[in-house]
Amino acid sequence: MISDGNDDDDTVTSGKLLPRQDESDNAAVLMDDLIRHVDNEGAFQNAFNNLFNFFAVIVGVMSVYSLVLAMKVPNHWCHVPGRDNTNLTLTEWKNYTLPRDKDNREMFAYSKCLMYNVTIPLVVPYNKRDLGVVNCQYGWEYDRRWFHKTVPSQENWVCDKSLYVTNTFVVTQIGEAVGTIFFGHMSDTVGRRPVFLITLALLIVGRGLSVLTPSYYWLYLVTVFLGHSALSSLCFAATTIGIELSQSEHRAYIVMLQSLGWTSGMCLIPLLAWLTADWTEFVLLPLLPASCIFICSCRMLNCVSYVILLLNVNNMSGNPFLNFFWQSAVELPAGFVAKWLSDRVGRRSTQTFTFLVIAASSFCVSRIVNNPNLHEVTTTTIIFVKFCVTITNFVCYLQAMEIFPTCLRQTGMSVANVAGNAGGVLAPYVVYLGSHINQKYPYIVLCAMALLGTAVSSFLPETLNKKLPDNIKDAKYFGRNEKYWSFCKKSSEGESYTNFR
C-alpha cells in the first residue's frame, strides 16, 4: 500500500508504510552506514583515539593525581638547634629534646609537634623532668627517605596546620564535581572540541600555577580547584568525539582504550615521583606534553627554549654583560652550522638530533648549576645549549617554509609564529622557578621540552631536495612515502631520496 501523500502519521520507504516515529531510528542506522562507508577505522579515527583517548588521558591523569603524592606528609619532628655542635646521633638528640606520646597506631613514639622547653645552647645531660613541654619553637625537620620535598614539608603544613592537607583534598572533589556538571552541559550546548580545549587550558594553568602558590593557601586552593575541575570533562569530551566518529561495534574499544590510558597514567605517577623526589618536578613535567597537545608545534618548543635562555641570563652567576654577549654572539656561528647541516644531513635529522643534544646538555646543567666550583663549566654548557637552540630555530623556520603549500605558506607561518608566541608566555614563569625556588628548574624544563622536540620533529617529513607543495592536495601527500628511518642525500638532479633501514 502506497501513501496518498496526505497521511501525516505515515511515511513512504521502499514502497512500504513506516510510522514517522521510526524516522529517528532510520537516521541513526543511516549514520552508522555512513560512518562505515567513509571508513570508520581510517587513519584519522585511529590517530584521534590513540592521541586523545590514550595519550592525552595519560597526561591528564598524571597532571591531576600527582597531587596525591605531592601532598604526602613525611615523618617529622621539632627542630631543636644545636646538634651540629655535639657528637650525638639523631636518635640520641631526639631522646634529649623530644617527649614521647602515642601516635595513630597507639604506639609510643617521639612527638611530632612538641619539644622540651630547653635553653639553647643545650647542655647535656640534664633532668628532663625539670623541663616543661612546649610546641615546636624552631620549625620542623622531615624524614627525606622518600621525598626531598613535598608541599606540606615545604610549607610546614603540620601540627596546627595539618588540616590544610585535608582541606586541599576536599577542594579537589568539589572541583571535579563542579567541573563535571558545568563542562558536561557546556559540551552538549557549545561543542565537544571547545570544551576539550578549554579544559586542557584549565588543566595546564591550574596545575602550573599550583607550583607557585602554596605560600598563599587560599590562592593555592583556587589553582587546585581549577586543575581538578578539568580532568573528567577533558576525558568525556575526547571519548564522546571518538564514539561519535566510530561505528557502534567499536565503541567499547574506545572506552577500553581510555581505561588503559587512565591506568597507565596512574602507574606512571609513582615512577616519576620516585625519579624526581621533588613535588614541583613531578607535578610540572606531565604538563609539558599537555602543552604540546594544546599547541603542538616545534616552533613553540623552539620559541620557549630561546626565551627561557634569554631571560635566564639575569639568574646566571658571573659577569652579566659577558653572559648576555656570549649567548648573543654564539648565534652567528650557529647560523652557518645550521645551514651546512641542513644542506648536508637534512632538515629533519639536523633538528631531531640537535634537540637530543639540547636535552643531554640541559640535563648536565641541571646537575651542576648549584655548584659554585663549576661556574665556568656551567656557563660554557649554557652557551652551548644556546648554540644548539639557535640551530633548531633555524631549521624549524626553514622546514616550515618548505612544508606549507604555496597557497597557504604565509598563513601557515603566521600560525606557527602565533604558536611560538603563545608558548613563550610560559617562559617567564619557568625563569621565575629558577630565580625564586631552585636554579636547576629551568634546565629541567628545557631538558623535557627538548626530549619532546626530539619526538615531534622526528615525525616531520624531510624537505631537503624536494619539490615544494603548491596546493593543499600536494601538502596532504607530501612525504607520505618516506620511511621513518630515512636519510636524505643530496643529488645532482635535486630529487633523489635514499632510504636506509
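How large is ³J(HN,Hα), in whole Hz, for each residue of segment 335-352 in order, when computed from phi with the Karplus curve 6.51 cos²θ - 1.76 cosθ + 1.60 and θ = phi - 60°, using x for Gly and Pro?
With the stated coefficients, segment 335-352 comes to x, 5, 5, 4, 5, 5, 5, 5, 8, 9, 8, x, 5, 4, 5, 4, 5, 4 Hz.
Using 0.36 nm per residue of separation minus the Cα-Cα distance, give me the extension gain between ARG367 and ARG145 in nm, one decimal.
Numbers: separation 222, 0.36 × 222 = 79.92 nm, distance 2.01 nm.
Contour length minus Cα-Cα distance gives 77.9 nm.
Would you kindly state how much longer the chain becomes between ASN319 and ALA277 on full extension, computed as 0.36 nm times their sequence separation minus their alpha carbon distance, in nm to one decimal? If you can, show how the numbers build up before the last one.
Details: separation 42, 0.36 × 42 = 15.12 nm, distance 3.30 nm.
Value of the extension gain: 11.8 nm.
Residue by residue, what Karplus-based ³J(HN,Hα) values in Hz, rounded to whole numbers, does segment 76-82 have, using 6.51, -1.76 and 1.60 with θ = phi - 60° and x for Gly and Pro?
Each residue's phi maps through the Karplus curve to give 9, 7, 5, 7, 10, x, x Hz.
What distance in nm separates the two pseudo spin-label positions at GLU376 and HIS79, each 7 Å out from Cα along the beta-carbon direction?
According to this spin-label approximation, the distance is 3.6 nm.
Each residue of segment 314-321 in turn: what ³J(HN,Hα) in whole Hz from Karplus with 6.51, -1.76, 1.60 and θ = phi - 60°, glycine and Pro shown as x?
Going residue by residue, I get 5, 9, 6, 7, x, 6, x, 5 Hz, with x marking Gly and Pro.
Charges on Cβ only, +1 for Lys and Arg, -1 for Asp and Glu, centred on the Cα centroid of segment 127-281; of TRP218, LEU275, MET256, which one is farthest towards the dipole's positive end?
LEU275
Would you mind computing, in nm to one decimal, how far apart the modelled labels at THR263 and ILE437 are, each placed 7 Å from Cα along Cα→Cβ?
My value for the distance between the label points is 3.2 nm.
Once you sort the root eigenvalues of the Cα gyration tensor of segment 207-258 as a ≥ b ≥ c, which label holds: rounded (a/c under 1.5), prolate (a/b larger than b/c) or oblate (the other case)?
Details: a/c = 5.43, a/b = 4.52, b/c = 1.20.
It is prolate, given that a/c is not under 1.5 and a/b is the larger ratio.
Cα centroid distance between segment 49-86 and segment 159-218, in Å?
Taking the Cα centre of segment 159-218 as reference, the centre of segment 49-86 is 17 Å away.
Can you tell me the length gained on complete extension of the stretch GLN173 to LEU197, counting 0.36 nm per residue apart and subtracting the Cα distance? Each step should come with its number before you reach the end.
Values: separation 24, 0.36 × 24 = 8.64 nm, distance 2.17 nm.
Value of the extension gain: 6.5 nm.
Quick check on segment 185-235: take the gyration tensor over C-alpha atoms, sort the square-rooted eigenvalues as a ≥ b ≥ c, and tell me if it's rounded (a/c under 1.5), prolate or oblate.
Details: a/c = 3.60, a/b = 2.71, b/c = 1.33.
Verdict is prolate for segment 185-235.
What is segment 279-394 by shape, rounded, prolate or oblate, if you read a ≥ b ≥ c off the alpha carbon gyration tensor as root eigenvalues and call it rounded for a/c under 1.5, prolate for a/b larger than b/c, and oblate otherwise?
Oblate shape, in that a/c is at least 1.5 and b/c is the bigger or equal ratio.
DSSP loop trypsin sites (Lys or Arg not before Pro) in segment 140-220 with at most 15 other Cβ atoms within 10 Å of their Cβ, which ones?
Values: sites: ARG144, ARG145, LYS149, LYS161, ARG192, ARG207; in loops: ARG144, ARG145.
Sparse-neighbourhood loop trypsin sites (Lys or Arg not before Pro): ARG144, ARG145.
Which log10 I(q)/I(0) values, to two decimals, does segment 299-338 give at q = 0.23, 0.29 Å⁻¹ under the Debye formula with one point per Cα?
Reported log10 I(q)/I(0), two decimals: -0.83, -1.00.
For Cα pairs less than 8 Å apart in space and 6+ apart in sequence, what is the mean separation divided by the residue count of segment 143-242, i.e. the relative contact order in percent? Each step should come with its number before you reach the end.
Details: 99 pairs, mean separation 35.5, N = 100.
It comes to 36 percent, rounded to a whole number.
Bear in mind that the values in this text are calculations on the coordinates, not laboratory data. This structure is a prediction, so every number in the text was calculated from the model and none was measured. We place every Cβ from the backbone using ideal geometry, glycine too, and count neighbours over all the protein chains shown.
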